[in-house]
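One structure coming up, written as structure tokens, with questions to follow.
The values are calculated or read from the model by the stated rules, or taken from the named source; none is laboratory data. Worth saying up front: this structure is predicted, and the values here are computed from it rather than measured. Don't worry about glycine lacking a Cβ; one is built from the backbone with ideal geometry, like all the others, and counts go over all protein chains shown.
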Amino acid sequence: MKESIALPISEDSQVGEARRLAVAMSIELGFDTTEQGKVAIVVTEAAKNLVKHAKHGEILIQSIDISGATSIEMIAIDSAPGIQNIAQSLQDGFSTTGTSGTGLGAIQRLSTQFDIYSQPQVGTVLIARLESKRDPPTMKAFEIGAVNLPKHKDNPSGDAWAIEQQHDRCLILVADGLGSGTLAAEASQAAIRVFQINAHLSPQQILEKIHAALRSTRGAVAAIAEIIPSEQQVRYAGIGNISATLLTGSTSRTLISYNGTLGLTVRKVAELSYPWSNQSILVMHSDGLGTQWTFDRYPGLLNRHPALIAAILYRDFRRPIVRNSIGLPDDVAVLVAKPRNEDL
């Protein structure tokens, strides 16, 4: 999947920039003029809300193809005081600033999928997905949410993710090319291509093929999870420092990866199995996200859309690289998978 485009939003001039980028993406994806108009309204209203209520925040825009439909996803993120009454704020005509109040209600109405999570004094995250009618969606058993951003906005992300959903099976890859920039991106994208071609194989077999294919690159770390609900299990294989955590109810389990670098040195590729239920949630991420995250202070978040979960992890736990006593962000990819909830 393509990386997200991140746009800081703190003034009115940036609202127009966000709208133009989103509409350009919709044109590239083949959205018709009506669909392009919906994209423009959704992104404009989300960005305007950040300026009016949060004062500053961030809009993430990405194209996705998860359930057989071409979609644009917009995520609005802030760390402002939060929304006191979400249900009231979603009513058309409601406003706390004396404006027309079409914001959140319009976003919800025009979106194929919409979800929002807000906490007082912590902030708000909003997701809106808009699908093109050109490619009718095929309902799958899993809902996926992800964020993938580069270290520097002018360079490609060395992190990458991909999924393949086949009947009652979901195969997920998260990869991180060594270093950052173009060469790292070439390695992770090569891993994606091998993954997509060999999605009928097991996680262990796919990683072995990725290892062979990446010998001409600088190398990458990667992990693959295969969720099989009919067998109530997750099969998992990982090489390097991709993190994976399986959450089921109140329990949390770390999935095991082995040391090494695909394309360079790998001593062992092994596949392990873990129990899965219809209440399970899988979180996978690169080392651009810290490993000390917890959901304890986010009541009800695990019931929300996985894109909200991924965005909040990105907002609150992105890990900086410290150089010369200055903290700089790294490439970051975080993916969340859970059984589909028709209410989301």
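For segment 159-187, enumerate the residues that are surrounded by 23 or more Cβ atoms within 10 Å (Cβ to Cβ), under 16 Å from the mean Cα position of the chain (by Cα) and closer than 15 Å to Ser286 by Cα.
Of everything in segment 159-187, those that are surrounded by 23 or more Cβ atoms within 10 Å (Cβ to Cβ), under 16 Å from the mean Cα position of the chain (by Cα) and closer than 15 Å to Ser286 by Cα turn out to be Asp159, Ala160, Trp161, Ile172, Leu173, Val174, Ala175, Asp176.
Still on this structure, I have one more. Step by step: first the residues of segment 16-57, then only those that are free of Cβ contacts under 8 Å to residues at least 60 places away in the same chain and touching a Lys or Arg at 6+ places or on another chain (Cβ under 6 Å), then the one that is nearest to Glu73 (Cα to Cα). Which residue is that?
Val43
Let me ask something else about it. Quick one: in segment 218-236, which of the residues that are more than 12 Å from Val269 (Cβ to Cβ) and of a type in the set (A, V, I, L, M) is nearest to the chain's Cα centre (by Cα)?
Within segment 218-236, the match that is nearest to the chain's Cα centre (by Cα) is Ala225.
Take the residues in segment 226-241 that are among the aliphatic types (A, V, I, L, M) and touching a residue at least 60 places away in the same chain (Cβ under 8 Å); name whichever of them is farthest from Gly300 (Cα to Cα).
The selected residue is Ile228.
Please go through segment 188-211 and pick out each residue that is of a type in the set (Gly, Ala, Ser) and surrounded by 18 or more Cβ atoms within 10 Å (Cβ to Cβ).
Scanning segment 188-211 gives Ser188, Ala190, Ala191, Ala199.
Is there a residue in segment 19-28 that is among the hydrophobic types (A, V, I, L, M, F, W, C), at pLDDT 90 or above, buried (at least 17 other Cβ atoms within 10 Å of the Cβ) and under 19 Å from the mean Cα position of the chain (by Cα)?
yes
For segment 242-278, how many residues meet the condition of being free of Cβ contacts under 8 Å to residues at least 40 places away in the same chain, in a loop (DSSP other than H, G, I, E, B) and not small (Gly, Ala, Ser)?
Residues meeting the conditions: 5.
For Arg215, indicate whether it is among the basic types (Lys, Arg) and over 23 Å from the mean Cα position of the chain (by Cα).
Against the criterion (among the basic types (Lys, Arg) and over 23 Å from the mean Cα position of the chain (by Cα)), Arg215 qualifies.
Which of the residues spanning segment 264-314 are farther than 28 Å from Ala220 by Cα, of a type in the set (D, E, K, R) and modelled with pLDDT of 95 or more?
Of everything in segment 264-314, just one residue is farther than 28 Å from Ala220 by Cα, of a type in the set (D, E, K, R) and modelled with pLDDT of 95 or more, namely Arg304.
Separate question: Being at pLDDT 75 or above and among the aliphatic types (A, V, I, L, M) is the filter here, so list the residues in segment 315-344 that pass it.
Of everything in segment 315-344, those that are at pLDDT 75 or above and among the aliphatic types (A, V, I, L, M) turn out to be Val332, Ala333, Val334, Leu335, Val336, Ala337.
To continue, here is another question. Scan segment 71-120 for residues that are at pLDDT 75 or above, part of a helix (DSSP H, G or I) and among the β-branched types (Val, Ile, Thr) and jot them down.
Ile107
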